[in-house]
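Visitor: Have a look at the structure that comes next, please.
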Protein chains: 2
Amino acid sequence: MERAAVTARTSPESARDIPEATVARLPVYLRALTTLSEQGTGTCSSEELAGAAGVNSAKLRKDLSYLGSYGTRGVGYDVDYLRYQIAREIGVTQDWPVVIVGIGNLGQALANYSGFRSRGFRVVALLDADPARRDEVVAGIEVRPFDDLEGIVREHSVAIGVIATPALSAQDVADRMVACGITSILNFAPFPLNVPDQVDVRKVDLSIELQILAYREQRKTGQGAPA
Amino acid sequence: MERAAVTARTSPESARDIPEATVARLPVYLRALTTLSEQGTGTCSSEELAGAAGVNSAKLRKDLSYLGSYGTRGVGYDVDYLRYQIAREIGVTQDWPVVIVGIGNLGQALANYSGFRSRGFRVVALLDADPARRDEVVAGIEVRPFDDLEGIVREHSVAIGVIATPALSAQDVADRMVACGITSILNFAPFPLNVPDQVDVRKVDLSIELQILAYREQRKTGQGAPA
DNA sequence: CCCGGTTTGTTCTCCCGTTCACAAACTCCT
DNA sequence: AGGAGTTTGTGAACGGGAGAACAAACCGGG
């Protein structure tokens, strides 16, 4: 990492172009480091950390090198120091307000998921278009009508929205979110969202994952595809 | 696609080595085709289908070319015909029994998720290690003790297991699954599973997805990483 | 101070996936 | 029958990521 001067772009001195694949792994490293820290480990080698994260050690080292030179040759990495550096890079040292739209089975599970809060994400509102759901309380949060979206986004400066609605409503919800100023969307609805370029979307599709497994399973058993 | 004779490997005449990335997209195409079919569309071009699936049309055509030559130049694809071909290739024309372990918030949401059954996946059992959960009924299925795993797997010839437990139990559950003969695992627990090579694992990690969005969000707002 | 052992950071090579661009093939109209 | 228009299937160029391998850097002992 050359680290030459300061790139004078948006961020003061942090890395400029971390590969997509690396960004996707940083949270995994972060979690592994947290586990190690809780176990009282003060220092670890790239081999150990890679093992705990389930990746190749060379890949781990290359990933970390994009952030800077936070290790010591011959020694390894200081667990807490590296943990902080990654957390800072990802942005989980700050608090991210989040809204969840669609309080069905999945939406409720998400609202109750403790992994969000513990990683810096705070669910500020649960929204649902169904009037029957009004005034219901899920995970200690009152369910509010979808039309409240704009007010909530403005009030809490929400940048991240989660869509857990049926497929048919997903695009409408996304459009409204974008109109309100939300710029990152996590989509659980099985529908390919169409959004402006500046808006980031990540999708999680449960049945697709199973279908991928089914494909490989089919090939394993050698039964192939029926003619 | 040459389609030369018969490859004489495991499967009778289907494609031999479909790229991983393509396999991951086939379910998306399948869903888009189903939607088109329900709308009464009989034929579609690669451009239309690509639009409905949210991908580039060139990529779509190349993906489909791995399966065979199912389109007609100058015309497009027959929706129902192509849909059947993809479904057969993925293996969703048959019925896949599935067990879900860990009936917390997420496990319950998964058990209730209608998208599984409608795509050829049948939840044959819900298991939980917590005795307090025994005899509870979720999604019309009785929750049974985790120790029943082996009997259930044997009885229903289960090949696919879903892990929705806390991180600490995930590896144990996976080990038991593998010992029972399960060869495909969908893991929702935030823990990198260690399994033998012949076992396929796909992981879905909710908080990692949000962290990836947070990273990009942080860069967008230009606030960068605090020094 | 010097040397062996250890571990990081980085370079280099290979492979997979994406995209462009175009020839082949089909339809429809005259 | 022939030609214009359309759309597929694929060859080729391109970019990015994975992994091996190695030089640079650090620690500790004598």
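Any read-out appearing in this document is the output of simple, stated calculations on the displayed coordinates, not a laboratory observation. Since this is a predicted model, take the numbers as computed values, not measurements. All Cβ positions, even for glycine, are placed from backbone atoms using ideal geometry, and neighbour counts span all protein chains on display.
Visitor: Mean-square fluctuation check for chain A, GNM, Cα pairs under 10 Å: which of A:ALA170, A:ALA58, A:ALA129 is largest?
Guide: Looking only at A:ALA170, A:ALA58, A:ALA129, the largest GNM fluctuation is found for A:ALA58.
Visitor: Here is a follow-up. Please give the per residue volume of the convex hull enclosing the alpha carbon atoms of the stretch A:134-181, rounded to a whole number of Å³.
Guide: 92 Å³
Visitor: For chain B, find the longest principal axis of its Cα atoms and tell me its angle to the long axis of helix B:206-220, 0 to 90°, nearest 10.
Guide: 60 degrees
Visitor: Can you give me the angle between helix B:167-180 and the longest principal axis of chain B, using Cα atoms only, in degrees from 0 to 90, rounded to the nearest 10?
Guide: Helix B:167-180 and the main axis of chain B meet at about 70 degrees.
Visitor: Using 7 Å Cα-to-Cβ label points, what is the B:GLN94/A:GLU38 separation (nm, one decimal)?
Guide: Taking the simple label geometry, B:GLN94 and A:GLU38 are separated by 4.0 nm.
Visitor: In the protein assembly as shown, what is the volume of the convex hull around the alpha carbon atoms, normalised per residue and reported in Å³?
Guide: Dividing the Cα hull volume of the protein assembly as shown by its residues yields 179 Å³.
Visitor: Here's something else I'd like to know. State the extension gain, in nm to one decimal, for the chain segment bounded by A:ASP148 and A:ILE18, taking 0.36 nm per residue of separation less the distance between their alpha-carbons.
Guide: So the extension gain works out to 43.2 nm.
Visitor: In whole Å and largest first, what semi-axes does the C-alpha gyration tensor of the stretch B:96-209 yield when each eigenvalue is scaled by 5 and square-rooted?
Guide: Semi-axes (√(5λ), whole Å): 18, 16, 15.
Visitor: Using a label point 7 Å beyond Cα on the Cα-Cβ vector, give me the inter-copy distances for A:ASP147 in nanometres, one decimal, shortest first.
Guide: Inter-copy label distances (nm, one decimal, shortest first): 5.7.
Visitor: Hey, what's the per residue convex hull volume over the C-alpha atoms of chain A, in cubic angstrom?
Guide: Residue-normalised Cα hull volume stands at 190 Å³.
Visitor: So what's the projected area for the stretch B:20-90, the Cα convex hull averaged over all directions, in nm²?
Guide: Computing the convex hull of the Cα atoms and averaging its projections yields 4.0 nm².
Visitor: Next question. What nm distances, shortest first, do you get from the label point of A:ASP130 to those in the other copies when the point sits 7 angstrom along Cα to Cβ?
Guide: 2.3
Visitor: Springs between alpha-carbon pairs under 10 angstrom, Gaussian network model over chain A: which of A:SER157, A:SER69, A:SER169 fluctuates most?
Guide: In the Gaussian network model the winner is A:SER69.
Visitor: Nearest 20 debye, what's the magnitude of the dipole of the protein assembly as shown about its Cα centre given +1 on Lys and Arg Cβ and -1 on Asp and Glu Cβ?
Guide: 1080 debye
Visitor: By how many nm would the segment from B:GLN198 to B:ARG134 lengthen if fully extended, with 0.36 nm per residue of separation less the alpha-carbon distance?
Guide: Contour length minus Cα-Cα distance gives 19.8 nm.
Visitor: Quick one: putting +1 on the C-beta of Lys and Arg, -1 on the C-beta of Asp and Glu, what dipole do you get for the stretch A:96-209 around its Cα centre, in Debye to the nearest 20?
Guide: Roughly 380 debye, rounded to the nearest 20.
Visitor: Expressed as a whole percent, how much of the Cα-Cα distance distribution for the stretch A:37-152 exceeds 19 Å?
Guide: 59 percent
Visitor: Measure nothing fancy, just the Cα-based angle from helix A:79-90's long axis to the longest principal axis of chain A, in degrees from 0 to 90, nearest 10.
Guide: Tilt relative to chain A: about 40 degrees.
Visitor: So which trypsin sites (Lys or Arg not before Pro) in the stretch B:173-203 pass both tests, a DSSP loop state and at most 11 other Cβ atoms within 10 Å of the Cβ?
Guide: Nothing satisfies the criteria.
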